[in-house]
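Here the structure is laid out as structure tokens; the discussion comes afterwards.
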Amino acid sequence: MAKIILDIPDYNSEKGLTSTWEENFSINCNMRNGEVIISANQQGLISIAKQLLTLAQNNVSSGCHYHFDEFNSLESGSCELIITKIDA
């Protein structure tokens, strides 16, 4: 089994969520026939994993979210992608 070690920024309620991205990442998000399609290179997939693990921290409050679009982290022509933490 492969092991990947990632540095995930600690959540700070005063600063909010912090995003960290791999160099040369590429992420596209599109809708087709009611399906969300996320396409990414290796660096993009690792970057998405970092954002998900950041949200998954115990001290991140329900409702905290990342909002990505073509002007913020996604490739041109991508639809908006919002990832929100909810309480179970």
Pairs where the first residue, in segment 41-56, is farther than 9 Å from PHE25 by Cβ and the second is among the charged types (D, E, K, R) and open to solvent by 10 Å² or more (accessible area, probe 1.4 Å), C-beta under 7 Å, 6+ apart: LEU55/LYS85
Residue list for segment 29-39, restricted to those being touching a residue at least 40 places away in the same chain (Cβ under 8 Å) and open to solvent by less than 50 Å² (accessible area, probe 1.4 Å): CYS29
Those residues of segment 31-62 which are among the polar types (S, T, N, Q) and under 15 Å from SER73 (Cβ atoms), in sequence order: SER39, ASN41, GLN43, SER47, GLN51, THR54
Matching residues in segment 53-65 - criterion: being surrounded by 12 or more Cβ atoms within 10 Å (Cβ to Cβ), closer than 22 Å to ILE5 by Cα and not β-branched (Val, Ile, Thr): LEU53, LEU55, GLN57
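The values are calculated or read from the model by the stated rules, or taken from the named source; none is laboratory data. Bear in mind the structure is a predicted one, so any value in this text is a computation, not a measurement. Methodologically, a virtual Cβ is constructed for each residue, glycine included, from the backbone with ideal geometry; neighbour enumeration extends over all protein chains shown. When the accessible area is computed, the model is the full protein with side chains, heavy atoms only, and any ligands, DNA or RNA have been set aside. Shrake-Rupley method; radii C 1.70, N 1.55, O 1.52, S 1.80 Å.
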